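Asks: Just passing along the structure, written as structure tokens.
Nothing in this text is a laboratory measurement; each read-out follows from the coordinates by a stated rule. Here the structure is a predicted model, which is why all the values come from computation and not from measurement. Virtual Cβ from ideal backbone geometry, glycine too; neighbours counted across all protein chains shown.
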Amino acid sequence: MENIRLQKYIADSGITSRRKAEDLIRIGRVKVNGDIVTEMGVKISPMEDEVEVDGQLIKPEGKKFYIMLNKPSGYITSTSDDFQRPTVMELCQDVHARIYPVGRLDYDTQGLLLLSNDGDFANAVMHPSNNLKKTYIVWVKGMITPEAIKKLKSGVDIGDYFTRPAQVELVGATERESNIKIIIGEGKKRQIRRMCEVVGYPVIRLKRVQIGNIMLGNLPEGKWRHLKKAEIDLLTKGGK
């Protein structure tokens, strides 16, 4: 077997994505044959070298798993949590592999979340060049105005970032709340919530229903299913 980059080996072991693996290397949490490695680009022999993350010996997973989860609110998108809050891993305990979230959803956000133990898949899905759009259904307080929708479409300043133009469609509205669909191609922390807050309409409820061409559909909340091969192909090819 040919030598491979250390971060790919870590990702293929089901620990985390390749980009997160690079962070683990940088901060000194990875050892190769007992020595801490912090440089990028190091290659290892999967047959000869021993790799540890946080003192735990790791090995690449054999079978690859690709999961779609309908995440409820009240769960952390992480493999563990320092504050003992529920994580999405608790909803996937019957998956017999060490998978991890591909991307994230906020604690109080619902909907489509991907999980896998394939580092190449995770890297392809999350890389900006893949141009995967994310579709959200958003419930906000009050009857949203055409002016506010226009601002969301053109981009708004959310403090540390000016959002790119988005697709925004009014689904329905009453005096108490409005229901809108927002499609974005980026993913800053709590971006949708911050966008709506800036234009004066705080989010009541937020649900992601689509990533690229892959839709959540009627998957029950809190349940998961395997992705089909065609869906995996669509996600890795992205918007290209």
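Asks: Dipole of the chain, Cα-centred, from +1 at each Lys and Arg C-beta and -1 at each Asp and Glu C-beta, to the nearest 20 debye?
Replies: That gives a dipole near 940 debye.
Asks: Just tell me which lysines come within less than 29 Å, Cα to Cα, of K43; anything on the same chain fewer than 8 places away is out.
Replies: K8, K20, K31, K59, K63, K64, K237
Asks: On a C-alpha basis, how far is the centre of region 166-186 from the centre of region 42-78 in Å? Whole number, if you could?
Replies: Spelled out, the Cα-based centre of one part sits 36 Å from the other.
Asks: FRET efficiency for K189 and K237, Cβ-Cβ distance as r, R0 = 35 Å, nearest 0.05?
Replies: The value I calculate is 0.85.
Asks: Relative contact order for the chain: what is it in percent, counting Cα pairs under 8 Å that are at least 6 residues apart?
Replies: 21 percent
Asks: Sticking with this structure for a sec: Mind checking which of G28, Y100, Q110 is farthest towards the positive end of region 16-167's charge dipole, using Cβ charges of +1 (Lys, Arg) and -1 (Asp, Glu) about the Cα centre?
Replies: Value computed over the given set: Q110.
Asks: Enumerate the amide H contacts of G111 below 5 Å, restricted to partners 5 or more residues apart or on another chain; note that Pro and chain-start residues carry no placed amide H.
Replies: The answer is K71, R208.
Asks: Still on this model: Relative to the Cα centre, what is the charge dipole magnitude of region 9-152, using +1 at the beta carbon of each Lys and Arg, -1 at the beta carbon of each Asp and Glu, and rounding to the nearest 20 debye?
Replies: 780 debye
Asks: Work out from phi, with θ = phi - 60° and the Karplus expression 6.51 cos²θ - 1.76 cosθ + 1.60, the ³J(HN,Hα) of each residue of region 65-78, listed in order in whole Hz, and give x for Gly and Pro.
Replies: 10, 9, 10, 10, 10, 8, 6, x, 6, x, 10, 7, 7, 6
Asks: Hey, another quick one. HN-Hα J couplings of region 141-151 from phi, Karplus 6.51/-1.76/1.60, θ = phi - 60°, integer Hz, Gly and Pro as x?
Replies: 6, x, 8, 5, 8, x, 5, 5, 5, 4, 5
Asks: Sticking with this structure for a sec: Quick check: net charge around G159, other residues with Cβ under 13 Å of its Cβ, Lys/Arg +1 and Asp/Glu -1?
Replies: Counting the neighbours of G159, the net charge comes to +2.
Asks: Still on this structure: Consider the candidate values (i) 1.11; (ii) 1.03; (iii) 0.96; state which one is Cα Rg over 2.2 N^0.38 Å computed from the structure displayed.
Replies: Only one option fits the structure, namely (i).
Asks: Please give the direction-averaged projected area of the C-alpha convex hull for region 4-57, in square nanometres with one decimal.
Replies: For the Cα atoms of region 4-57, the hull's average projected area reads 3.1 nm².
Asks: Right, another one. Starting at the first residue of region 49-64, write each ³J(HN,Hα) from the Karplus equation 6.51 cos²θ - 1.76 cosθ + 1.60 with θ = phi - 60°, in whole Hz, x for Gly and Pro.
Replies: Karplus-based 3J(HN,Hα) across region 49-64 equals 8, 10, 10, 10, 10, 6, x, 9, 5, 10, 9, x, 6, x, 6, 8 Hz.
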